[in-house]
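**Q** Structure provided below as structure tokens; questions to follow.
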Amino acid sequence: MKDRILLMAKDEASAQATRRVLEEAGFRVTVVFAEETLAQAAQEEPPDLVVLDVPFPGDEGLRACQVLKGDPRCARIPLVALVGTFAPEEAEAEAILMRKADACLCKPLEQELLVGQVRELLGEAAGPHREEAPRTILVVDDDAQAVEAVRRAAEREGHRAVQAASPEQGLNLALSLGPDLILVGAMLGGAGPLNLVAQLRRAAPEVPIVLMAPPGLEGPVAEALEEAADGLVAKPLSPGDLRALLRQQLLLRRLRQEGQERTRQAREVKDRLLERHLLLGQEHKRLQQAYRRLQEETAGRESFFEMVIHDLRNPLGVIVGALEVLRQEWLQAAPPDLQEVLRSAEQSALQMMALVDNVLGIERLERGRIPLDRGEVDLLDLIRSTTPLVRARLAAKGLTLVEDLPETLPQVWADWGILARVLLNLLDNAIKFTPSGGTVILSAAYEGEKVQVTVSDTGVGIAPADWDRIFEKFERVRRPGMPQELGSGLGLAFCKLAVEAHGGRIWVRSEEGVGSQFSFTLPVSGEGSAFPPRA
Ligand code: ADP
């Protein structure tokens, strides 16, 4: 729909030129020649723009301006005055005219300038506003002119306007159309504009609602209307103002939609997080149950394992005893190959016994279930009764045992059986890792409230990087060129637990290819004493 321009000219001849320029530019032009007809035409069908082409000097142009700008219904219609050359005495009239008009153009007229100026005032300078997707504007009004004006402004903006001529139809369309903006004629009949706005709000929340009030509406009524809606504008609206209004309100709508979208996304993220949280909670519970089951199973397996190891010990003791009797009573009389078989059987049985004792000892010390069976222990006695147990192995491997022991040693408060096992493990290792012809030295000393026992050998040695590691359970060091002797990696772990349970310390110093020196200390008095507290 074309914009309508009301042109006031002094006569047909002068109207012709301006009219032609405007019509060629695509406008509908209505020409009037008198001030009275101008006012009448403007009120009957408010134009989108008025061009005054009236002669000067004379106050006809000024009066025409006053007629238009003084009428609230026409006040917003853009006004372009085409002025000729003013005589000096008419300077004041010119100034007033220029203030009243929205634009003044001097004659002789430049066509492009007139068309450009008219377009700018009509808000078309930037062309249709097409940044947004087409929107739907619902105009709830029975004022045909207002609706038409909105329709045209909407079209220019690339949107569409739909009219609802009654409040009921407005409500229906607000529900069915899903408009992006609602313009409501404040004079529309029915239960009153406030009520209608409230109903429309319920039907289409988040959609901006703008009231179009009759000209000159002021005071509490206007305030109430403005309060209820997102905007209140006075009729009639110039095309430029209408387009600005549409842009502004559709921007508001878009911002609200974006806000809604962000809220929806935030809610979705929150829901997803909550769901994840719940899932994690379930997973946590499941893992806890699995962990408990695993613990139970492990405990069951451990106690079964412990029971088996424990039950192995008695028959093994019988075998070791029987083999010892055989060795002592019958070995000499047996043929040499049987002697070898018997010796190897006894060695293997003893190794198995050591393994069983280490496993049971670690189990016992780690869980701290069975307290140490402590008593006063003379370490020299303990050493003297342990070394005979390894003599056969020393001899079998051609190793020499050197004992470097003092005359006396203070007694320690210890579990004899456990300490004997520590010493046996260290001697066993020294024998195991020392090649034939080597030496094992067993020494003991009393120094600084501690007794220190050391087992040294001239064996393969241990790299410094392994000095700590070998005291961990199941840790063994493989050495190329050295046949891997039967071992579980439990002997030193037992020794460490056992010595520390007595308040002592165990360590190794060694040089590869030269030999190793395993030492442990036991306190004889003071803090952490191996002795029982004195009564
Ligand atoms: P294993 O039953 O394997 O001997 P241990 O805990 O007694 O287990 O020893 C762990 C590892 O420490 C051994 O496998 C060996 O590599 C190293 N080791 C222990 N004693 C000696 C030693 N006297 N000489 C060289 N290496 C040793």
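The values are calculated or read from the model by the stated rules, or taken from the named source; none is laboratory data. Keep in mind it's a predicted model, so treat the numbers as computed, not measured. Neighbour counts are summed over all protein chains in view; Cβ atoms, including those assigned to glycine, are modelled from backbone coordinates with ideal geometry. The accessibility values were calculated without ligands, DNA or RNA, using every heavy atom of the protein model including side chains. Shrake-Rupley method; radii C 1.70, N 1.55, O 1.52, S 1.80 Å.
**Q** What figure, in Å² to the nearest 10, do you get for the accessible area of residue 434 with a 1.4 Å probe and non-protein molecules left out?
**A** 0
**Q** Give the lysines whose C-alpha is closer than 22 Å to that of residue 100, dropping any in the same chain fewer than 8 places away, or say none.
**A** 10, 69, 235
**Q** Enumerate the calculated ³J(HN,Hα) couplings along segment 506-517 in order (Karplus 6.51 cos²θ - 1.76 cosθ + 1.60, θ = phi - 60°), each rounded to whole Hz, writing x wherever the residue is Gly or Pro.
**A** Those phi angles translate into 10, 7, 9, 10, 7, 9, 4, x, 10, x, 10, 9 Hz.
**Q** For 10, 235, 270, give the ranking by accessible area with the largest first, probe 1.4 Å.
**A** Result of the area sort, largest leading: 270, 10, 235.
**Q** Give the accessible area for residue 307 in Å² (nearest 10); use a 1.4 Å probe, count only protein heavy atoms, and leave out ligands, DNA and RNA.
**A** 100
**Q** With θ set to phi - 60°, apply the Karplus curve 6.51 cos²θ - 1.76 cosθ + 1.60 along segment 303-308 and write out the HN-Hα couplings as whole Hz, x wherever there is a Gly or Pro.
**A** 5, 5, 4, 4, 5, 4
**Q** Let me ask something else about it. Expressed in nm to one decimal, what extension gain is obtained for the pair residue 195 and residue 115 from 0.36 nm per residue of sequence separation less their Cα-Cα distance?
**A** Additional length available on full extension: 24.4 nm.
**Q** Give the value in nm², to one decimal: projected area of the alpha carbon convex hull of the chain, averaged over all directions.
**A** Taking a quarter of the hull surface, the average projection is 54.9 nm².
**Q** While we're on this one: Which one, 406, 266, 249, projects farthest toward the positive side of the charge dipole computed for the chain from Cβ point charges (K/R +1, D/E -1)?
**A** The residue sitting farthest along the positive end of the dipole is 406.
**Q** Where does each of 474, 518 land when they are ordered by accessible area, with a 1.4 Å probe and the largest first?
**A** So the residues, ranked largest to smallest area, are 474, 518.
**Q** Under 1.5 on a/c is rounded, so check that first for segment 342-439, then, if it is not, pick prolate when a/b is larger than b/c and oblate when it is not; a ≥ b ≥ c are the square roots of the alpha carbon gyration tensor eigenvalues.
**A** oblate
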